[in-house]
Every structure is written in C-alpha cells, then in structure tokens.
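In what follows, a structure is listed as structure tokens, so that the remarks can point back to it.
The values are calculated or read from the model by the stated rules, or taken from the named source; none is laboratory data. Since the model is a prediction, treat every value here as computed from it, not as a measurement. Heads up, the Cβs are rebuilt from the backbone with ideal geometry, glycines too, and the neighbour counts pull from every protein chain shown. With ligands, DNA and RNA removed, areas are computed over all heavy atoms of the protein, side chains included. Shrake-Rupley method; radii C 1.70, N 1.55, O 1.52, S 1.80 Å.
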Amino acid sequence: MLKLSKKFCGHNKSLSFASNVASYSDTIEVHNGRGNLKDFDEIPGPKSYPVVGTLYKYMPYIGDYNVEALDKNAWLNYRRYGNLVREAPGVNLLHVYDPEDIETVFRQDHRYPARRSHVAMYHYRTNKPHVYNTGGLLSTNGPEWWRLRSTFQKNFTSPQSVKNHIESTDSIVTEFVQWLKQINITHNEDFLPYLNRLNLEVIGTVAFNERFNSFSSEEQDLNSRSSKTIAAAFGSNSGIMKLDKGFMWKLFKTPLYKQLADSQEYLEKMSTEILLERVHFFKHADNNDVSLLGSFLQQPNLDLKDVVGMMVDILMAAIDTTAYTTSFALYHISRNPEVQQKMFDEILQLLPTKDTRISSEIVSKAVYVRSCIKESLRLNPVSIGVGRLTQKEFILRDYLIPKGTVIVTQNMVSSRLQQYVKDPLEFKPERWLRGSTSYENIHPFLSLPFGFGPRSCIARRLAEQNICIILIRLIREYNLKWMGGELGVQTLLINKPDKPVSLSFTPRNL
Ligand code: HEM
C-alpha cells in the first residue's frame, strides 16, 4: 500500500482506472484491480548500490552492459525483468516496453514535454552567452523550449514548405548518382561516408541555401569544409550519451567533453559565417530563397543567436540520422530481391525515363517505397526509443512513477517481439500497406521512429521526403545486392551501422 502525496491527489472523488492509467483522487490509500499500488523502487531491475546506483553495469570488466550496445542491454533487461525495468545510473530511469504502457507515458506528456539529454552540450552553450541565448532546441526544456520550437517549427512542418524542397533535393541526388557512376562505386567501399556527403549537401541546400560541393575532389580532403562539418556533427553526437551518463566533465575538461566542445565550436563558427553573409545579402531581399534559413530571417524580431543555435542543431540532427536510416533501408532492400523488384516496378511506372524529374505527386504515389522506409525504421530506428523526463507523478501498471523520472520507451526491442508483429525479424513492407493481404493492424505506439507529440522530430516530413527521393533515384539506377555481413547497431545516441555498408551496384538498362 502506498500513500500518495497531496500534489498527486487531485480533484476527483473516486479513483478510476482506464486501462492502466489512473485518474487523480482524493483518496490517500490507493488500490487497483491487481492489488496494491507499489513504489518505484519495487519495479524489477538490476541491483542498485549507494553512490554508483546501477552505473557499475556499464563499467568495463565489472558490468555486463555496454553503453554502445543499448539495444542489447534493453533486450537483456526485458528477458531478465519483464515489461517495466528500473535502473539507477545516477538518475531514476525506467524502461518501458509494452506499447500500451508507452501510450500511457505519452498521454501524460506535459504542455512542454521534456527530455534529459545533451546535458554537457547544454552546459557548453549556456556558458557561451555571446554566441547562444539557450542550450538550443535539442537540449532545452520548459517554456524556453516552446519559445524556440514555436518560432522555428512552422517552416519545417507545413506540407507546402516541405514540398518546396523536392526539386532542389532531386537535383542534388541526381548529381550524386552521376558521381557514383563516374567513380564506378563498388562494394569494396563503405557506402556510409558517401551518404553522409549526400545528406550534408541536401541539408546545406534545404536549410541554408548553401552548397558545400562535397562530391568534388577538393572537398574529399580531410581539411575541407565538408569533411570537417561531417566530422564535427559526428563528434558532437557521438559523445552526448556517454557525457549524459558521466559527471567527471563537470569537474574538468575530459577528452570527450573537449571533443564535444571542439565540434560545437566548428559548427557554430561555420554557421555564423553563413548567417552573417546571408544577413548582409538579405538587405537585397532574395525572395527566391526557399531555404529554412531564408524563412527564419523573414520573421520579424528574430534573434540571430537563436538562429545560430538552430543552425547547429540542424547540422547535428540531420546528417547522421538521414545517412544511417538510408543505410539500413538499403541493407534491408538489397537483401530482399522480391521487395527490391516491387520497388523498381513502382518506380519505373513513376519515372518511365531516368531523366524524369521527381515531383510532389511522384513522392505521394511512391506508396511502396514509403512502406519500405517505414518497415526499415521499425527494425532499425535511428534511436532505440524515445526519452522523456516526467514532470508529475503518475501511475503505470501497479507502480507510482515519481516526478523527475527519466523514461526510455524501448520501441526498437518491442518492434522485434513476436507478440506485437508477425514474423518480426522479417522485412515485410506489405505489413504497413492497407489493402494488402499481409496488412497488420500494428499498435500505433509500437514503432515511433520520430518520437511522439509536440516534442517529436521537427523535420519528420522533410527527412521522409529526402529518404524517399534518395531511394527512388538509387533503385531507378541500380540493382543493389548486399555484400557485407549481418548489420547491427552501435548505439551512439543514434544507431550507427556497426559494419561497413557494403553494396554492389549493377546499373539497370531500362
Ligand atoms: C530519418 C531521419 C530522422 C529521424 C529518424 C529523427 C528522429 C528524431 C527523434 C526520435 C527525435 C526525438 C523526438 C521525441 O523526443 O519525441 C528527434 C528530434 C529532433 N529532430 Fe529529428 N530525426 C531525423 C531527421 C532530422 C532532420 C533531417 C532534422 C533537421 C533538419 C532533425 C531535427 C530534429 C530536432 C531539432 C529535434 C529536437 C526537437 C525538439 O526537441 O523539439 N531531425 N528526431
């Protein structure tokens, strides 16, 4: 039996349960249909010790968890402890697996949904008030987050403004395919760095109206602007999670903190250069500039420090996510010849000749291509799940979850469980196609590759559109075959392919 705090006890006279969500109550002692309400510490999970909590599980030689294999830790946790798993690596952490429970978590979301992540980056930016106003959209919580989100989001999310980028994206992807033909790309090269360059080029144009020319031989050099930008985006992202778990960086500049700071510094310097040139240029008002930056700058009273923060966030959030997602999609498609053939059949109808331009109509008619992306994101989401920091206590199953708990919804593991999906490890895009005999009514909270609610990915439409265009162009040009080993993930905040992306490219004659 658990005594509820006054704050939890709300306005209703009785306690009622809708599925596993409790409503507020005046009652101090709470029961539910399955027995007494239990305390957070009673949730099953690895043993926690004073001071270190469960951090020892991640320590080399002592622990059996690996911070770069969070998917495997999550699977182990699920097998050992079940649907809800508690951890205490310095904070109260709860892993949630069942889609019904995941839905319950998101239904609690506050007006300003919060995440606990990018803690060291927040520290870095808020200690540089001459460059940044805030920690940026990725790391800021509360009303300040909403001020940024509401300022920037309309340019990202309105369907028309996203469609405005189809033409330029298609031109860049076409150029990319020509380049691949020219260099005669083979399976001996890891395709991921190529996809990084492509996505830098696409996001540079879409977001900043800036070409990096990253396919040129000069820009292949490690000291070029393209190479340094790609490295700095990765250098920022790859340390975030380890820094979130650690605390030594608060005492002195650890090598990982230095890597983060150097990477941020490069991205902010480069973004500031682009911005200053554009602000100057903007005096002559370029009405043809449909880039995100162009639309930001048309907003009255916009603070340039907010814009720099947003530009750095875009570079961090766009390049690796899109390149990794495309890599995994190509992995699945190239290992499933029947799927690839169906894709090609659809693409051939939409692009009868290789030089047909991709339009918004073609993107919307590419239904099978889009179901391949959805299916690939089910198996290989960029993030193992979605994080939330609870802002009030609430009831989940039999437990009272305190305010300030870090929740991680384990969508990647759950999306691979038999009880939620048929033949879960098979790549079957048809399961998403209404009207197909293989259509499955999958729980809407099982696969959430872009998160959920007002804090979900600000660029979802744009990212899906870009990947769709890339797949259409690649499959129109080449028959792809997977030449590498089984592809797993290295969990570095986002899930990176753990092996080279090795594809053979056979040109199509049609
Ligand atoms: C396949 C590509 C992508 C995937 C799978 C992806 C996924 C995600 C996820 C899971 C979140 C957290 C959502 C939540 O907490 O509910 C997120 C947030 C975010 N994403 Fe993406 N993303 C992708 C591409 C992009 C791109 C291209 C950009 C920028 C142009 C971007 C910018 C952001 C930003 C700024 C946030 C933070 C939003 C906020 O906190 O309000 N993402 N993304």
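Any idea which residue in segment 447-481 is farthest from the ligand (Cβ to nearest atom), counting only those that are among the β-branched types (Val, Ile, Thr) and in a helix (DSSP H, G or I)?
ILE475
Taking segment 96-148 only, how many residues are open to solvent by 60 Å² or more (accessible area, probe 1.4 Å), of a type in the set (Lys, Arg) and closer than 30 Å to TRP75 by Cβ?
Selection size over segment 96-148: 2.
Show me the helices (runs of 4 or more DSSP H) entirely contained within segment 89-171 in which 3 or more residues are farther than 26 Å from LEU446 by Cβ and within 16 Å of the ligand (Cβ to nearest atom).
Details: elements: 99-107, 119-126, 142-157, 159-163.
Those helices (runs of 4 or more DSSP H) span 119-126, 142-157.
Against the conditions (1) surrounded by 22 or more Cβ atoms within 10 Å (Cβ to Cβ); (2) out of contact with any helix residue (DSSP H, G or I) (no Cβ under 9 Å at 6 or more places or on another chain), where does SER456 fall short? Just the number, please.
Of everything listed in (1) surrounded by 22 or more Cβ atoms within 10 Å (Cβ to Cβ); (2) out of contact with any helix residue (DSSP H, G or I) (no Cβ under 9 Å at 6 or more places or on another chain), SER456 misses just condition (1).
For the list (1) in a loop (DSSP other than H, G, I, E, B); (2) within 16 Å of the ligand (Cβ to nearest atom), I need the number of the one condition that PRO60 fails.
So PRO60 meets the others, but not (2).
Please verify whether segment 424-434 includes one or more residues that are open to solvent by 20 Å² or more (accessible area, probe 1.4 Å), touching a helix residue (DSSP H, G or I) at 6+ places or on another chain (Cβ under 8 Å), closer than 27 Å to GLN108 by Cβ and more than 10 Å from the ligand (Cβ to nearest atom). So that I can check it myself, show each step before the final result.
From segment 424-434, those open to solvent by 20 Å² or more (accessible area, probe 1.4 Å) are 425-426, 428, 430, 432-434; that's our starting set.
If we keep only those that are touching a helix residue (DSSP H, G or I) at 6+ places or on another chain (Cβ under 8 Å) too, we end up with 425, 428, 430, 432-433.
Then keep just the ones that are closer than 27 Å to GLN108 by Cβ; that gives none.
No, the conditions are met nowhere in segment 424-434.
Note down all Cβ pairs under 7 Å where the first residue falls in segment 244-258 and is under 20 Å from ILE494 (Cα atoms) and at pLDDT 90 or above, the second is open to solvent by 50 Å² or more (accessible area, probe 1.4 Å) and part of a helix (DSSP H, G or I), and they're at least six residues apart or on different chains.
LEU256/LYS242
Report, by residue number, each residue of segment 482-503 that is within 13 Å of the ligand (Cβ to nearest atom) and over 18 Å from SER383 (Cβ atoms).
Once the filter is applied, which keeps residues that are within 13 Å of the ligand (Cβ to nearest atom) and over 18 Å from SER383 (Cβ atoms), segment 482-503 yields nothing.
Return a yes/no flag: does segment 339-352 have any residue that is in contact (Cβ under 8 Å) with a residue 60 or more places away in the chain, more than 23 Å from TYR439 (Cβ to Cβ), more than 16 Å from the ligand (Cβ to nearest atom) and open to solvent by 30 Å² or more (accessible area, probe 1.4 Å).
yes
A quick yes/no check of all residues on (1) buried (at least 21 other Cβ atoms within 10 Å of the Cβ); (2) touching a residue at least 40 places away in the same chain (Cβ under 8 Å):
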| residue | (1), (2) |
| --- | --- |
| ASP262 | no, no |
| HIS280 | no, no |
| SER295 | no, yes |
| MET311 | yes, yes |
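Please verify whether segment 313-325 includes one or more residues that are more than 16 Å from the ligand (Cβ to nearest atom) and either acidic (Asp, Glu) or open to solvent by 30 Å² or more (accessible area, probe 1.4 Å) (or both). Give the derivation first.
Pass one, segment 313-325, residues more than 16 Å from the ligand (Cβ to nearest atom): none.
No, segment 313-325 has no match at all.
I need the full set of residues from segment 194-222 which are in a helix (DSSP H, G or I) and open to solvent by 10 Å² or more (accessible area, probe 1.4 Å), in order please. Before the answer, list the steps.
First, pick out the residues of segment 194-222 that are in a helix (DSSP H, G or I): 194-208, 217-220.
If the condition is that a residue be in a helix (DSSP H, G or I) and open to solvent by 10 Å² or more (accessible area, probe 1.4 Å), then TYR194, ASN196, ARG197, ILE203, THR205, SER217, GLU218, GLU219, GLN220 are the ones that fit.
Which condition breaks for LYS269 when tested against (1) open to solvent by 10 Å² or more (accessible area, probe 1.4 Å); (2) in contact (Cβ under 8 Å) with a residue 60 or more places away in the chain; (3) assigned to a helix (DSSP H, G or I)?
Among (1) open to solvent by 10 Å² or more (accessible area, probe 1.4 Å); (2) in contact (Cβ under 8 Å) with a residue 60 or more places away in the chain; (3) assigned to a helix (DSSP H, G or I), LYS269 violates only (2).
Looking only at segment 495-506, which residues are open to solvent by less than 20 Å² (accessible area, probe 1.4 Å) and over 24 Å from GLN341 (Cα atoms)? Show your work before the answer.
First pass over segment 495-506, keeping only residues open to solvent by less than 20 Å² (accessible area, probe 1.4 Å): 495, 497, 501-503.
The answer is ASN495, PRO497.
Within the set of pairs 6 or more residues apart or between chains, which connect a residue that is more than 17 Å from GLU477 (Cβ to Cβ) and touching a residue at least 24 places away in the same chain (Cβ under 8 Å) inside segment 185-211 to a residue that is open to solvent by 20 Å² or more (accessible area, probe 1.4 Å) and within 15 Å of the ligand (Cβ to nearest atom) with Cβ atoms less than 6 Å apart?
ASN196/ILE230; LEU200/ILE230; THR205/SER168
Step by step: first the residues of segment 478-493, then only those that are more than 23 Å from the chain's Cα centre (by Cα) and buried (at least 19 other Cβ atoms within 10 Å of the Cβ), then the one that is farthest from SER168 (Cα to Cα). Which residue is that?
If we take residues in segment 478-493 being more than 23 Å from the chain's Cα centre (by Cα) and buried (at least 19 other Cβ atoms within 10 Å of the Cβ), then TRP482 is farthest from SER168 (Cα to Cα).
Identify the single condition in (1) of a type outside the set (D, E, K, R); (2) within 16 Å of the ligand (Cβ to nearest atom); (3) open to solvent by 30 Å² or more (accessible area, probe 1.4 Å) that SER438 does not satisfy, given that it satisfies every other one.
The one condition SER438 does not meet is (2).
Consider ASN73 carefully, then state whether it is more than 16 Å from the ligand (Cβ to nearest atom) and without any contact (Cβ under 8 Å) to a residue 40 or more places away in the chain. Steps first, answer last, please.
Values: more than 16 Å from the ligand (Cβ to nearest atom): yes; without any contact (Cβ under 8 Å) to a residue 40 or more places away in the chain: yes.
Criteria met by ASN73.
Name every residue in segment 223-243 that is surrounded by 15 or more Cβ atoms within 10 Å (Cβ to Cβ) and free of Cβ contacts under 8 Å to residues at least 24 places away in the same chain, in order of residue number.
SER224, SER227
In segment 172-215, which residue that is of a type in the set (D, E, K, R) and over 20 Å from ILE358 (Cα atoms) is nearest to the ligand (Cβ to nearest atom)?
So the first thing to find is which residues in segment 172-215 are of a type in the set (D, E, K, R), and the list is 175, 181, 189-190, 197, 201, 210-211.
Imposing the further condition that a residue be over 20 Å from ILE358 (Cα atoms) reduces the set to 189-190, 197, 210-211.
Values: GLU189: 23, ASP190: 19, ARG197: 15, GLU210: 14, ARG211: 17 Å.
Applying the filter and picking the extreme gives GLU210.
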